[in-house]
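The values are calculated or read from the model by the stated rules, or taken from the named source; none is laboratory data. Keep in mind it's a predicted model, so treat the numbers as computed, not measured. Here the Cβ is made from the backbone with ideal geometry for all residues, glycine too, and neighbour counts use every protein chain on show.
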Amino acid sequence: MGGFSKSKKVIQRAWEKFKDSFRWNTGNLRVYEFHPVIDSAIKEKNYEIQGETVDYPLEFSDVEIRDDNLQDTEVKEEIIELEPVITAETPPEQIEAEVKEESLDNIDALITAQEMGIMETEARGLNASFNNAASIKGLKVSALAAVIKQLSFRQVDSAIRNGEEILAQVPIRRNSLSIFKMSAPARMAYWKEIVEQTGKKPAELDLLGIFSHVPTRGITKASIDQTTGSLKLWYSPDQKKNKAATLLIARDRNSKEIIRVFDRRTLS
Amino acid sequence: MAANTLGFFSCMSSNGRYVGAIMITDAEGIPQEFKYTEPVKPTRLQTILYGGSLEKYIKHEVIRGKLIKSVSKKPEIIFANNSDPTMMGKYDGLSIVLIHRARIKDLEEVGQVKQPKENELIIKDHESRDPLRIICAPDDVANLQKISEMAMEIKYKLDIIEPLERVDTALDAILKETSNK
């Protein structure tokens, strides 16, 4: 057995030496000092010793490595309360969802002790714990419950408006009749007859246009395009019933005055 | 079919907004009623939920349907411009037909009529204007001849296209006026 104790001493010395060298070589580094307790279960076997010392390999049992530094470490559990981050864009107006806060009393109604699979007393205890925790942190414990008020999807729709005022801003357009479709004598007779109503002579006037079915009342504004012979009439929306006539528009060659004559007859 | 009351309907859209109007006039084009819809701009949710039928729903049900119901005087025929062929057809007992001027040279005499299709008629209604092209829905062909007669009856009273241009001008003004709201 003398061989065993010798071997053990050799190992221990080697271990101490190893530790020393490790300690010195680490410099300023933090040295974790291990205190391995090597428990060796030495099993004796009935080997036959035949005059020689034989070293047998040691069978190590479970090695316990203790770290004294860790032993006093206090594990602090920090509870971080995470609040949901709402990043959604502005919801459509039509969807209305109401988030309602309810107290824990209501939770009791929703989740019974039986549903939770715990005894009623335990459930009360849990509630009390919640309340205590709340009072410690100074927070009001409440539960968030989403209540879908209604999914009020509105159909595409539009209001109908009366637009007579808008329409009054839009002129009625009339194009001049072509009196050249008439025979030459008929044209001259018609022209002479119309001009007589102005008190002028035909030679004194330039004809700008003849327009059929022009309302005789309710015209708030008129303009004539001399090149195209197009007449624009702004018509009052109040005048719904009106008589129409043929309108002759001419210009006095001397005074440049615009002359209008309504002819009750229908040219067409 | 007496042309005592004429109806003119138009619908247009700009920047995702839809607007429509109906004008009722007498035989001389003098306005009797003018109703329009406030511009409709569908929300994102509506766009998603209506999908491909959104535009049709807005134009047909919201705009055309509501406008036709809103007018107190109901003309038998309502004229619409050629911008949207789906607008023609019978609605609430009224016929909506499309009209526009077609540059067809082979019709020169006033009163000449051409019928290239069963539901389409081309009329030379005035000596100084391009022929009038009238298109009705296939199930509304019976009205085509009446419409042709009406167009000839009013040819010297007014250019039947002109009131439609007025409605379009008014709609343009409405869209512009409400574009910043």
Among the strands (runs of 3 or more DSSP E) contained in the range B:1-42, which hold 2 or more residues that are of a type in the set (F, W, Y), modelled with pLDDT of 90 or more and surrounded by 22 or more Cβ atoms within 10 Å (Cβ to Cβ)?
-> B:5-14, B:31-37
Residues of the range B:80-94 classified as closer than 17 Å to B:E165 by Cα and of a type in the set (D, E, K, R), total | 1
Looking at (1) more than 12 Å from chain A (Cβ to nearest Cβ); (2) at pLDDT below 90, find the lone condition where B:A137 falls short.
-> (2)
Flag for B:V62 being surrounded by fewer than 22 Cβ atoms within 10 Å (Cβ to Cβ), within 12 Å of chain A (Cβ to nearest Cβ), hydrophobic (A, V, I, L, M, F, W, C) and over 25 Å from B:I154 (Cβ atoms) | yes
Of the residues in the range A:159-202, those that are under 24 Å from A:G218 (Cα atoms), buried (at least 18 other Cβ atoms within 10 Å of the Cβ) and among the hydroxyl-bearing types (S, T, Y) come to A:S176
Matching residues, the range A:176-206, being outside any helix (DSSP H, G or I) and touching a strand residue (DSSP E or B) at 6+ places or on another chain (Cβ under 9 Å) = A:S176, A:L177, A:S178, A:Q197, A:T198, A:K200, A:L205, A:D206
Checklist (1) over 60 Å from the mean Cα position of the chain (by Cα); (2) polar (S, T, N, Q); (3) more than 14 Å from chain B (Cβ to nearest Cβ) applied to A:T246, failing item | (3)
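So which of B:R166, B:R129, B:R103 ends up being of a type in the set (K, R), more than 10 Å from every other protein chain (Cβ to nearest Cβ) and either in a loop (DSSP other than H, G, I, E, B) or buried (at least 16 other Cβ atoms within 10 Å of the Cβ) (or both)?
Result: B:R103 is the single residue among B:R166, B:R129, B:R103 that is of a type in the set (K, R), more than 10 Å from every other protein chain (Cβ to nearest Cβ) and either in a loop (DSSP other than H, G, I, E, B) or buried (at least 16 other Cβ atoms within 10 Å of the Cβ) (or both).
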Residue in the range B:32-55 that is farthest from B:M152 (Cα to Cα), counting only those that are facing another protein chain (nearest Cβ under 7 Å) and touching a residue at least 60 places away in the same chain (Cβ under 8 Å) = B:E38
Does any residue of the range B:111-120 turn out to be out of contact with any helix residue (DSSP H, G or I) (no Cβ under 6 Å at 6 or more places or on another chain) and within 14 Å of chain A (Cβ to nearest Cβ)?
-> yes
Of the listed residues (B:S95, B:S83, B:S70), the one being among the polar types (S, T, N, Q) and under 27 Å from B:E127 (Cα atoms) is B:S83
So which residues in the range A:156-175 are closer than 25 Å to B:K41 by Cα, facing chain B (nearest Cβ under 7 Å) and not in a loop (DSSP other than H, G, I, E, B)?
-> A:I160, A:R161, A:N162, A:E164, A:I166, A:L167
Picked from the range B:153-163 (must be facing chain A (nearest Cβ under 9 Å) and surrounded by 21 or more Cβ atoms within 10 Å (Cβ to Cβ)), the residue nearest to A:L247 (Cα to Cα) is B:L158
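Kindly evaluate B:S83 against the criterion of being under 11 Å from the mean Cα position of the chain (by Cα) and over 25 Å from A:A245 (Cα atoms). Show your work before the answer.
Values: under 11 Å from the mean Cα position of the chain (by Cα): yes; over 25 Å from A:A245 (Cα atoms): yes.
For B:S83, the condition - under 11 Å from the mean Cα position of the chain (by Cα) and over 25 Å from A:A245 (Cα atoms) - is met.
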Which residues, counting only those in the range B:65-97, are free of Cβ contacts under 8 Å to residues at least 60 places away in the same chain, more than 8 Å from chain A (Cβ to nearest Cβ) and out of contact with any Asp or Glu (no Cβ under 9 Å at 6 or more places or on another chain)?
-> B:N82, B:P85, B:T86, B:Y91, B:D92
What is the number of the single condition among (1) in a helix (DSSP H, G or I); (2) surrounded by fewer than 16 Cβ atoms within 10 Å (Cβ to Cβ) that B:Y57 does not meet?
-> (2)
